[in-house]
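First comes the structure, then the notes that go with it.
The values are calculated or read from the model by the stated rules, or taken from the named source; none is laboratory data. In this text the structure is predicted, and so the values were computed from the model without any measurement. Heads up, the Cβs are rebuilt from the backbone with ideal geometry, glycines too, and the neighbour counts pull from every protein chain shown.
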Amino acid sequence: MPGTVQSIERAAAVLRLLARSPRPLGVVEIANALSLPKGTAHGIIRTLHGVGFIAQDNRTGRYRLGKDLLRLHDPPIDHNELRARALNWTDTLASRTGEAVRIGVLTAPLEITIVHHVFRPDDSVQVMDVGRVLPAHACALGKAVLAYHPDSSTVLRDASLEAFTARTVTTGRSLLGQLSTVRERGWASDVEELNGGEASIAVPIRDQGGAVVASVAVTGSPKTVCDGGRNPRPRLAARVAETSRAITGELAIRRE
Amino acid sequence: MANQSYVVAIDQGTTSTRCILFDHAGRLASVAQREHRQIFPRPGWVEHDAAEIWRNVERVVPQAINQARADSSQIAAIGIANQRETSVLWERRTGRPVANAITWQDTRTASLVDQLSAEGGTDRFRDRCGLPLMTYFSGPRIRWMLARDPVLREQAERGEVLFGTMETWLIWNLTGGPEGGLHVTDVTNASRTMLMDIHTLTWDDDLLDAFQVPRAMLPEIRSNVEVFAPTTTVLPGVPIAAALGDQQAALFGQTCFSPGEAKCTYGTGAFLLLNTGPDPVRSSHGLLSTVGYKVGGDDPVYALEGSIAVTGSLVQWLRDRLGLISSAPEIETLALEVEDNGGCYIVPAFSGLFAPRWHSEARGLIIGLTSYITKGHLARAILEATAWQTREVVDAMNADSGLALTGLKVDGGMTSDNLLMQTIADVLNVPVERPMVSETVSLGAAYAAGLAVGFWPELKGLRRHWHRAARWLPEMDPGRREREYANWQRAVERTYDWLQHDDDGPGT
Ligand SMILES: Nc1ncnc2c1ncn2[C@@H]1O[C@H](COP(=O)(O)OP(=O)(O)OP(=O)(O)O)[C@@H](O)[C@H]1O
Ligand SMILES: [Mg+2]
């Protein structure tokens, strides 16, 4: 059995101390209370401050518990708020790439619900997709979320999955293989796996704590989304990733 | 201009100040935003601290520039859009505001407005300035401020105390403040003061007399699209090349450049503007005649406006005052917990009723309450209030123009609310469309500034940037639509005659 990590034990002690203290505490007070060298205490405090678990009083420079610690129990982000936060950035993505943009969230073990849809900017007739449920295994939006979901390996290990086209992945085992590729390159794709004539690239959206809460995708014809060899274009993926980062930034502002 | 890749827009709004960078294709490249305090000293009074707003501008502009990893040499121009009618007086010598700015929602001038109306009717100045006598506009506010303090009046007469709406305040500060700051306004903001002749676009002596406003305190009126001056701070050297009221900026940003084109912006309030071309159209159904925009030395373009005072701010009220939601978009989640409004209606006449009814003595109500009603029903009723208020304004617009609106272009923060947009399509019975940039106020300010400095060569070409991002089609059963509309109208009528004169409080 591996040993325990001392610095984490000490960090926990700092949090307990601050939780019990009726007033904010300074570095020296914390170091003395826990019999830690001042430098060690300082490093732990700086780290906890960096992740938002403790906050510093502007005036006195002393520390107390941070809002993010108190929010550990909060429900995941409201889907309508996610859309509102993402709106500007998904518009820019659609307009830069010329493709339709969607945001999806996992609402059942293998179901993605579309919570935001920006039309392809060609002014053609398109139908709002918000509220539509997609099979997570057959679309990029789903794979981008499943790749980081703690339940995926259990849910998928022996699963057989419905085929929507000849290209849909139909065994959990091969999907798990794809998901590890998704984790390696940071983005997911599907090429005519859900609908013929349609390809997508999706990137997970993380909240500011690093947890994947949704995914964002561009969808278009395989001709524009993929290169000549029918491989999704990495440059397009980079644009989607940029959008995902901007949305994460927006979610962090909300938490301030 | 080889390396100038962006135009900066500053959107000084009612709840926040934003800075947005736009690229050549009219795409949003970065955005920084900061809210300012809403100060409610008494019922009906709503103030802002103009110094705080200026500090926010000083912060958000560099933030937006950094976010785009740009520097000021890449910025072709700055365009400013602002909450309209909000009025501030400040000392020319020190740059200090003499008091908080009085916002457009503030109703403290009610008695004064009543008194002026009693002398010659609500519409006594309408031919000259396009507006009915209402607490909404700046003119009565200036009179109210100066009437309270004879010393201030003397200083105003000597030009030591200056008047401005927010664009004037920002431009003055951006161009040196006490050290030679430029004291200017634009035709759209000036058209909301009740002090400008809407035909000649100049300050009018009769109107100045009626509101007892000394000319020396007033800014010079400029067009919307022209180089005002280079800034001396924040982005030194970059020209300020546009200023427009936020709603007119949105009209411009939606590229409603032809007569008959209209848009509705959903923010704190909601404002439907219809381009009426080269002549002001006088409404007989409760709409305002206002300047749409004026490009440099060109003839002005006029607009008809339906102003709704309370839409997004009702959602904020649910969030901040009742605490039933923790962020505005959660209202949609809450509303979707129920199927319908359960018979409950909310009429948010917080500042009286604006267009098309103009009842300043009305106050808000919630009606149809039974023990059946849950917070979900309240959330529905709040969203529906925005939709029905839009319907009333659209009906007025149709009646005035003799043409029926066939679709509505929308923008603003509330357009991220799908349920609301669907409800608006349902109650108007026309398709509702949102363009690719919902920050259309900023986009309009950027377009105007970019045109002034040649970043974009001409007006018409801007239309190519407009693309549909979303569209909602009507789905509501016509019988239900009519029943609900009738219920809404009955609810609105019950808000009338609520405020009695003694309620106005001191200082009027
Ligand atoms: N999803 C939503 N549903 C309903 N209302 C919303 C939603 N998101 C934002 N709002 C409301 O929209 C308003 C914000 O929109 P926006 O940012 O366009 O307004 P604003 O520009 O700040 O207004 P102003 O220019 O008057 O300051 C707020 O009043 C908020 O309550
Ligand atoms: Mg606004």
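Some observations on this one:
- Output for the stretch B:291-317, where each listed residue is buried (at least 21 other Cβ atoms within 10 Å of the Cβ), over 14 Å from the mean Cα position of the chain (by Cα) and either within 16 Å of ligand 2 (Cβ to nearest atom) or within 14 Å of another protein chain (Cβ to nearest Cβ) (or both): B:LEU314, B:VAL315
- Condition met for B:PRO236 (in contact with a Lys or Arg (Cβ under 7 Å, 6 or more places away or on another chain), assigned to a loop (DSSP other than H, G, I, E, B) and not small (Gly, Ala, Ser)): no
- Candidate set from the stretch B:13-27 (those that are farther than 10 Å from B:VAL60 by Cβ and in contact (Cβ under 8 Å) with a residue 60 or more places away in the chain); member that is farthest from ligand 1 (Cβ to nearest atom): B:HIS24
- Being of a type in the set (Val, Ile, Thr) and under 27 Å from B:ARG108 (Cα atoms) holds for only one residue in B:ILE78, B:ILE65, B:ILE39, and it is B:ILE39.
- The set of residues in the stretch B:16-51 that are within 14 Å of another protein chain (Cβ to nearest Cβ) and within 15 Å of ligand 2 (Cβ to nearest atom) comprises B:SER16, B:ARG18, B:CYS19, B:ILE20, B:LEU28, B:VAL31, B:ALA32, B:GLN33, B:ARG34, B:GLU35.
- Residue pairs whose Cβ atoms lie under 7 Å apart, separated by 6 or more positions or on different chains, with the first residue in the stretch A:117-134 and within 17 Å of A:THR90 (Cα to Cα) and the second part of a loop (DSSP other than H, G, I, E, B) and of a type in the set (A, V, I, L, M, F, W, C), are A:HIS117/A:MET128; A:HIS117/A:VAL130; A:PRO121/B:MET436; A:GLN126/A:PHE119.
To keep it simple, each residue is scored yes or no on (1) closer than 25 Å to B:ASP123 by Cα; (2) within 14 Å of another protein chain (Cβ to nearest Cβ); (3) at pLDDT 95 or above; (4) crowded, with 17+ Cβ neighbours inside 10 Å.
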{"residue": "B:GLY323", "(1), (2), (3), (4)": "no, no, no, no"}
{"residue": "B:ILE331", "(1), (2), (3), (4)": "no, yes, yes, yes"}
{"residue": "B:ASP340", "(1), (2), (3), (4)": "no, no, yes, no"}
{"residue": "B:VAL347", "(1), (2), (3), (4)": "no, no, yes, yes"}
{"residue": "B:PHE354", "(1), (2), (3), (4)": "yes, no, no, yes"}
{"residue": "B:ARG357", "(1), (2), (3), (4)": "yes, no, no, yes"}
{"residue": "B:SER360", "(1), (2), (3), (4)": "yes, no, no, yes"}
{"residue": "B:ARG363", "(1), (2), (3), (4)": "yes, no, no, yes"}
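- The condition of being away from ligand 2 (no atom under 16 Å from the Cβ) and over 18 Å from B:HIS48 (Cα atoms) holds for only one of B:ARG108, B:ARG124, B:ARG96, that being B:ARG124.
- Restricted to the stretch A:65-79, and to residues there that are more than 12 Å from chain B (Cβ to nearest Cβ) and of a type in the set (A, V, I, L, M, F, W, C), the residue that is nearest to A:VAL213 (Cα to Cα) is A:LEU72.
- Just one residue in the set B:VAL410, B:VAL441, B:VAL430 is modelled with pLDDT of 90 or more and assigned to a loop (DSSP other than H, G, I, E, B); that residue is B:VAL430.
- Evaluated against (1) modelled with pLDDT of 95 or more; (2) within 16 Å of ligand 2 (Cβ to nearest atom), B:TRP54 falls short on exactly one condition, (2).
- Residues within the stretch B:384-407 that are closer than 23 Å to A:LEU87 by Cα and outside any helix (DSSP H, G or I), tallied: 1
- Flag if B:ALA448 is touching a residue at least 60 places away in the same chain (Cβ under 8 Å) and more than 13 Å from chain A (Cβ to nearest Cβ): yes
- Cross-chain or 6+ apart pairs with Cβ under 7 Å, the stretch B:461-479 first and within 14 Å of another protein chain (Cβ to nearest Cβ), then among the polar types (S, T, N, Q) and part of a helix (DSSP H, G or I): B:HIS467/A:SER95; B:TRP472/B:GLN422
- Top-ranked residue in the stretch A:80-113 [being among the charged types (D, E, K, R) and more than 10 Å from chain B (Cβ to nearest Cβ); ranked as surrounded by the fewest Cβ atoms within 10 Å (Cβ to Cβ)]: A:GLU111
- Which numbered condition B:ASN418 fails, given (1) surrounded by fewer than 22 Cβ atoms within 10 Å (Cβ to Cβ); (2) out of contact with any strand residue (DSSP E or B) (no Cβ under 6 Å at 6 or more places or on another chain); (3) more than 9 Å from chain A (Cβ to nearest Cβ): (3)
Residues checked against (1) without any contact (Cβ under 8 Å) to a residue 60 or more places away in the chain; (2) farther than 20 Å from B:ALA101 by Cβ; (3) in contact with a Leu (Cβ under 8 Å, 6 or more places away or on another chain):
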position	(1), (2), (3)
B:LEU195	no, no, yes
B:THR200	yes, yes, no
B:ASP209	yes, yes, no
B:LEU218	yes, no, yes
B:ARG222	yes, yes, no
B:GLY245	no, no, no
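- Residue match in the stretch A:114-122 (condition: more than 14 Å from chain B (Cβ to nearest Cβ), among the acidic types (Asp, Glu) and in a loop (DSSP other than H, G, I, E, B)): no
- In this structure, B:ALA241 does not qualify as among the hydrophobic types (A, V, I, L, M, F, W, C), within 16 Å of ligand 2 (Cβ to nearest atom), touching a helix residue (DSSP H, G or I) at 6+ places or on another chain (Cβ under 6 Å) and not in a loop (DSSP other than H, G, I, E, B).
- Identity of the residue in the stretch B:396-415, more than 21 Å from B:TYR302 (Cβ to Cβ) and surrounded by 18 or more Cβ atoms within 10 Å (Cβ to Cβ), that ends up nearest to ligand 1 (Cβ to nearest atom): B:GLY413
- Verdict on B:ALA81 being within 13 Å of ligand 2 (Cβ to nearest atom), within 14 Å of another protein chain (Cβ to nearest Cβ) and at pLDDT 95 or above: no
- Among (1) surrounded by 16 or more Cβ atoms within 10 Å (Cβ to Cβ); (2) within 13 Å of chain B (Cβ to nearest Cβ); (3) under 27 Å from A:VAL14 (Cβ atoms) - the single one A:ARG62 does not satisfy: (2)
Let's see how each residue does on (1) among the hydrophobic types (A, V, I, L, M, F, W, C); (2) touching a strand residue (DSSP E or B) at 6+ places or on another chain (Cβ under 6 Å); (3) under 30 Å from B:ILE366 (Cα atoms):
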{"residue": "B:TYR302", "(1), (2), (3)": "no, yes, no"}
{"residue": "B:ALA309", "(1), (2), (3)": "yes, no, yes"}
{"residue": "B:SER313", "(1), (2), (3)": "no, no, yes"}
{"residue": "B:GLN316", "(1), (2), (3)": "no, no, yes"}
{"residue": "B:ARG319", "(1), (2), (3)": "no, no, yes"}
{"residue": "B:ASN341", "(1), (2), (3)": "no, no, yes"}
{"residue": "B:ALA349", "(1), (2), (3)": "yes, no, yes"}
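- Residue list for the stretch B:454-491, filter: outside any helix (DSSP H, G or I) and of a type in the set (Phe, Trp, Tyr): B:PHE455, B:TRP456, B:TRP466, B:TRP472
- The residue that is farthest from B:SER401 (Cα to Cα), counting only those in the stretch B:256-286 that are within 16 Å of ligand 1 (Cβ to nearest atom) and not in a loop (DSSP other than H, G, I, E, B), is B:TYR266.
- Summed over the stretch B:1-12, the residues that are under 17 Å from B:SER72 (Cα atoms) and within 16 Å of ligand 1 (Cβ to nearest atom) give a count of 2.
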